[in-house]
Structures are given as C-alpha cells and as structure tokens.
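I have placed the structure first, in the form of structure tokens, so that the comments after it can refer back to it.
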Ligand SMILES: NC(=O)c1ccc[n+]([C@@H]2O[C@H](COP(=O)([O-])OP(=O)(O)OC[C@H]3O[C@@H](n4cnc5c(N)ncnc54)[C@H](O)[C@@H]3O)[C@@H](O)[C@H]2O)c1
Ligand SMILES: [Zn+2]
Ligand SMILES: [Zn+2]
C-alpha cells in the first residue's frame, strides 16, 4: 500500500548540487573536511600498488606451527591447518559428527554451510543436556536478557509473552480436542 | 575466570568458571582485558546467523588489555604493556599481510579460506575465544597489538580496534572524491563513523538512511549528515533518486549487512526460511540508488553461502563493488592522529556501560535496540586492578 505524503513527495528536486556547494563553502566547520581527499583513490580505475608479495606463494616467511593437540577441522580448500588457530570448543558429540561431515565439502557448497547451521542447532540442544547433567537449569530471565526487556521494554515484553502464552494454550487445547476426537472415532 | 559463554541463539551466560587461556604458540601473548565492546557483528552470532558458532564459545573482538604473559618468540610486547588489540588476527608475513590486507591473513583461519582470523567470531572466523572475558589469548602478538599512547582515552582506544577503522575504510574504499554525494545505509556505530569520515575525503553531501529515529538524530549531530527514515518513504530508491537530481548518489555505503529490515521478501527468504544468508536489502537499495559508473562499498557483514543480489543492475550500470573486513593495523597510525589531534572523538557513540557480569542484558538491549542504545561497553571488574 502506498503511503500518502511519503518522504519522497515532500522533498524538493534539483537540490543535490546546491546542497553540496553550500556544504563545501562551509567546509571549515566540518572537522577534517577534505584532509584525506585523494584524486588517485578512485577504484573505478586500476590502483593497486603491487609489491610482488602476491606471487610469493610457497616461500614466504612462515611462523612456527602451533602444535596440533586437539581436533581442528579445516577447509578442504587448503592443504592443512594454518600456522596458528583457535582452540575454542572442539567438535563434540552428534553436532561434532555433523560438523566433520560438513568439512568434507568446500566453502563453495551449500552442503558445507547449511550442514554447519544444522550442527549449530543440534549443539544448542546438546548444550542444554550438558547443562542439566551439571545441574545447571535454564535461566531465560538472565541468560536471554528478559530482565533487561522487563526494565526497558515492559509493554512490548508483556505483549509478546501474552501472545506466546495464548498461542501455547490454544495449541494445547487443539491437541486435546484432536485426541478426544480420535478416542470417539475408535469407540464407534 | 569470568567470561561470556554462548549457549545457543539469544542465550548467553556470564560464566565464572571458564578456564584461563594459555600460551599455545611461541608468538602468543595473554592479555588481561581492560575494556571490551559488543559489535553489530556479534549480533549476527547472537542471532544464530553465522555457521559453525559452537556452544561454549566466548565472543568479543574489540578489546584493550594489559599483557600478562608472552610466548618465547615475542620480542616487541612486554608484560605490563597496555595495548589495543585489532580485531584481525594476522601473521604479518604471508602474501596478503605483505600487501597490508591484514583482514585477509592466510595463516590465521584453518576453517574458512574466504575469511580472515578474528577473535571470538565462531569457527568460521578461526575458532578463537574472544575478549568479552577477563583474559584472552592473543596470537601473533608482535604484529597487530598496539601500545596505548600517553594521554589516549581508553574508550577511544578500544573503539580503534574495529569501529573507527571499519567506518574509515568504508569511506576510503568508496573512493569518495571532492564534492561527491555519499549515501550511507545504517546509522549504527559503523554507519555513523563511515558518514563522519566521508567528509574527510571531501564529500559534498552525506545522507544517512535508517529506521530508528534516535539514531538518525545522532547521525545529524555526530556525523553532520542529512538523515532520513526509510519507514517514511514508499520507496527509498525513488527518494534517493529524487534527492540526487535523478542521477543517483556518487557513492553508496552498505553499513547494515545481513540483518537488514525493510523488504518483506528478503526478510521471509533470508530470516524466516534461511533460503539465503540473511537479508540483502541495504545492498539492493545501494546498487539501485547509486549513479551509473558509481561505487558501492560493502562494509556490513554478509555470511555464506549466498544472497539475492541485483547482478543485472551491477553490470548494466557499470558499477564498482568494493568490500572487505577492515585492515585495522594498516589504518591505525592515520586514525590515532585524527583522534589525538581532536578532529574526531569516537567515544561519543558509547551510550551504555555494563559490568561484564551483566553481558546477557547488554546483548539483549543491543539486539532489540532498547533504551536508545548505540554502542555498549563492557568493563571486567579485574580491569581496574592495576591502572586506576
Ligand atoms: N567489514 C568489517 O570489518 C566490519 C566490522 C565491524 C562491523 N561490521 C558490520 O557492519 C554492520 C553494522 O554494524 P553496527 O555495529 O553498526 O550494527 P548495528 O546493528 O548497531 O547497526 C545496524 C543499523 O542498520 C539499520 N538498518 C536495518 N535495516 C536497514 C536498511 N534496510 N537500511 C538502512 N538501515 C538499516 C538498523 O536500524 C541499525 O541502526 C554489521 O553487519 C556488522 O557486522 C563490519
Ligand atoms: Zn566489531
Ligand atoms: Zn598473514
């Protein structure tokens, strides 16, 4: 649906250069105006200042190899791990198995990335189970930031919670009705 | 130690029982964090948009800290140095680093060849735990970490790890020429900086587009920009064409990235159905609002594998598209000078300061843009131990 009095109807046309000229006339008021201007920095023309490094592919100076003392998955678009790598959260459990599968495919494939997203969702469930095993109960009030919503967005928060509760109740009632129907059916 | 612990989308814990990081490589340092920021990029992780974001990881790529320990091959950094740590992990000697592409190092991320190494940015960013914690492992410690200058404000220093250079590079890679009309999509921290720095390159007009009035108001003051709410337009492209004599802007900057709102089909296909990696609404508007032969600078983050993009218009209009992760180390000397000379005071964008313990609230507020938030800062309680 089109808005009446949209912003594009309210502005005047033909102003672009007039505004730019006016701004440039008072450029002294804008700290730093034009300080880094450079007519050569126009990427619509070639401009790279090559120093030849691009072709030193095999014999560049490499850092020592970080010891590989944990499972690190690496892209099949490179021969092995990089000289340095992160050691956060190695692949674990079912999500880990899914990740290992994903890393068999290149970064050009949807299989690689969509499988990783799937692994992330599985990992969330795994994380909840691990928490429970360690006696950590879900605490959405703090961990989902509901406390902050209560403080700064109370109306919106209550509205959303009420809608969710309503939907949940409706869903449960519907399920119950269905079960009853089934029962009646089998009774006949 | 106390650190952020990711438990799944929209769910994080301030966890007191995280193991302290260790030196894993002779060029590593361990840093005790003094200030840390939450970035719009972290929201993509928080919302579950980045593949291979594992439960148990610590995020955070914008931090300053004090060196607590160094590996055997670290020569420049000393224990006790107070440093700002650029978000890129870079070896300094691969072909890309040699060309000053520190955001594209070849020796920092085994998991994804298309992506550089970053602190606390999923395994797609190299699998490093990040700086929303009391301590962090900092690889290649002699390459990027930079010792704070005497008299440099700590909040400006921590903004130099990402936001300031990123906003600057957004304007720089846009090839802005004197008198150019520059349109910036997004009035978050990155868009605000990009708009402000557009003037440094001699822009004639700077127009900022967003949907949050409080941020547009901020853009008028902080970035000296004309600022407009796309919710008041039928079609932002028509608005911008009319505003630019029906030619289009010389340059458009996409400082929104993969979670843009404003287009129903992009939102359904990108956010609800995950048929594309988030929404490419701002990029779409940028391509269509720029002049023929113009330049579109992508600084907002997009994820793999793909997005709906108007390739036909890019070809027919002869556009130049440029994008990259900011190369923080390359830009630091120039930007430190701009700050120390008082031409820009980046910390004006920090609106909220939280103790690290309250990190779940900080994420929620930044994600939902509550309480007129622009940039949230985290302060670990151990931060003040030695430099108060
Ligand atoms: N390339 C890099 O090196 C780099 C570094 C840091 C951040 N980033 C990216 O920059 C982007 C912005 O980061 P931020 O910290 O400013 O985030 P932010 O979430 O605070 O800001 C995004 C802004 O975009 C606005 N927006 C949403 N849809 C829009 C649309 N269709 N048109 C115009 N504005 C729209 C939002 O209202 C919000 O104000 C993110 O994608 C982030 O990942 C990139
Ligand atoms: Zn960032
Ligand atoms: Zn490198």
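None of the figures in this text is laboratory data; all of them are computed from the coordinates on show. What you see is a predicted model; the values in this text were computed from it and never measured. Every residue, glycine among them, receives a Cβ derived from its backbone with ideal geometry; neighbour counts consider all protein chains shown.
Worth a mention:
- Taking every alpha-carbon pair under 8 Å whose residues sit at least 6 apart, the range A:31-188 reaches a relative contact order of 11 percent.
- Whole-Å distance, taken between Cα centres, linking the range B:135-211 and the range B:1-73: 23 Å
- In terms of other Cβ atoms within 10 Å, B:161, B:124, B:279 run from fewest to most in the order B:124, B:279, B:161.
- Pairs of alpha carbons in the range B:249-388 whose separation is greater than 18 Å (percent): 70 percent
- Per residue of A:70-80, other chain Cβ atoms within 10 Å of the residue Cβ number 3 on average.
- Rg over Rh, two decimals, chain A (C-alpha only, Kirkwood Rh): 1.16
- Counting every other Cβ atom within 10 Å of each residue's Cβ, A:24, A:1 order from fewest to most as A:1, A:24.
- Scaling against 2.2 N^0.38 Å puts the C-alpha radius of gyration of the range A:59-130 at 1.26.
- Helix axis angle, B:189-200 relative to chain B longest principal axis, alpha carbon, degrees: 70 degrees
- Residue A:28-residue A:76 pseudo-label distance in nm [points 7 Å out on the Cα-to-Cβ vector]: 6.6 nm
- Distant alpha-carbon pairs in the range B:164-323 (separation over 23 angstrom), percent: 29 percent
- Put in order of Cβ neighbour count within 10 Å, fewest first, the listed residues B:42, B:361 become B:361, B:42.
- Largest GNM mean-square fluctuation among B:144, B:41, B:272, using chain B with Cα springs under 10 Å: B:272.
- Full extension of the chain segment joining residue A:121 with residue A:61 gains 17.6 nm, where the gain is 0.36 nm per residue of separation less the Cα-Cα distance.
- Fraction of C-alpha pairs exceeding 11 angstrom in the range A:118-164: 73 percent, rounded to a whole number.
- Computing Rg and the Kirkwood Rh from the Cα coordinates of the range A:89-138 gives a ratio, Rg/Rh, of 1.10.
- The range B:164-323, relative contact order in percent, only Cα pairs under 8 angstrom and at least six apart counted: 22 percent
- Direction-averaged projected area, Cα convex hull, the range B:217-260: 3.9 nm², rounded to one decimal.
- Comparing Cα centroids, the range B:317-382 and the range A:84-126 end up 30 angstrom apart.
- Note on the protein assembly as shown: Kirkwood radius taken over Cα pairs, Stokes-Einstein applied at 4 °C and 1.567 mPa s, translational D equal to 52 µm² s⁻¹.
- Note on B:5-13: average number of Cβ atoms from other chains within 10 Å of each residue's Cβ is 6.
- Degrees, to the nearest 10: B:163-172 long Cα axis against longest axis of chain B: 40 degrees
- Normalised contact order of chain B, rounded percent, pairs of Cα under 8 Å and 6 or more residues apart: 17 percent
- Separation between Cα centres of the range B:261-278 and the range A:19-34, rounded to whole Å: 39 Å
- For the range B:308-388, the C-alpha radius of gyration sits at 1.66 times the compact-globule guess of 2.2 N^0.38 Å, with N the residue count.
- Debye intensity ratio I(q)/I(0), log10, chain B, q values 0.08, 0.09, 0.11 Å⁻¹ (C-alpha model): -0.38, -0.49, -0.74
- Spin-label model distance (nm) - residue A:44 vs residue A:130, 7 Å beyond Cα toward Cβ: 5.2 nm
- Compared with the dominant principal axis of the Cα atoms in chain B, helix B:328-340 is inclined by about 80°.
- GNM result for chain B, Cα springs below 10 Å: residue of B:288, B:104, B:345 fluctuating most strongly: B:345
- Taken along the Cα-to-beta-carbon direction at a fixed 7 Å, the label points for residue B:334 and residue B:220 span 3.1 nm.
- Springs join every pair of Cα atoms under 10 Å in this Gaussian network model of chain A, and among A:122, A:81, A:142 the largest mean-square fluctuation is at A:142.
- Förster-model FRET efficiency, 35 Å R0, residue A:1 and residue A:94, C-beta, rounded to 0.05: 0.15
- Rg and Dmax, both from the Cα atoms of the range B:1-95 and both in Å, are 14.8, 41.
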